[in-house]
Amino acid sequence: MVSEEAYIRRIEEYRKRRDEFFRNNPNSPLLPEQRERFQGLRYYPVKPEYRFVVELDREGVIQERVVLGTTTGEPKEF
């Protein structure tokens with residue numbers, strides 16, 4: 001298990017990358033004029049007491065695939 005400081009740092013780094021995506025990436029959902037004045041998303045403070053540390057057991061899990069339509073009209077399997 002990672003330390004509380006590392007946990008907080010990991011979330012803060014993710015949030016920074018997310019804001020960079022919104023601000024600079026051509027695939028950002030923001031319009032160019034919105035990106036120019038974008039100052040970052042508003043986040044709640046990180047509260048390590050709310051994190052869950054669990055063991056994942058995939059035994060017996062059905063690995064069902066699903067096919068969804070895409071914006072191009074081509075189906076894609078997930």
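Quick notes on this one:
- Neighbour net charge for Glu20 - beta-carbon separation under 12 angstrom, K R +1, D E -1: +4
- Estimated [θ] at 222 nm from DSSP helical runs (n ≥ 4, -39500 (n - 2.57)) normalised by residues in the chain, nearest 500: -11000 deg cm²/dmol
- Per DSSP, loop GluC sites (Glu not before Pro) in the stretch 3-78 with at most 12 further Cβ within 10 Å: Glu55, Glu59, Glu64
- Kirkwood hydrodynamic radius over Cα pairs of the stretch 4-46, then Stokes diffusion coefficient at 4 °C and 1.567 mPa s, in µm²/s: 115
- Taken about its Cα centre, the chain carries a charge dipole of about 400 debye when Lys and Arg each add +1 at the Cβ and Asp and Glu each add -1 at the Cβ.
- Ranking Thr72, Ser28, Phe52 by Cα position along the charge dipole of the chain, where only Lys, Arg, Asp and Glu carry charges on their C-beta atoms, puts Ser28 farthest toward the positive end.
- At 1.002 mPa s and 20 °C, Stokes diffusion of the chain via Kirkwood alpha-carbon radius, µm² per second: 129
All of the numbers you see were taken from the coordinates with simple rules; none came from a lab. What you see is a predicted model; the values in this text were computed from it and never measured. A quick note on method: Cβ atoms are made from the backbone with ideal geometry, for glycine too, and the neighbour counts reach across all protein chains shown.
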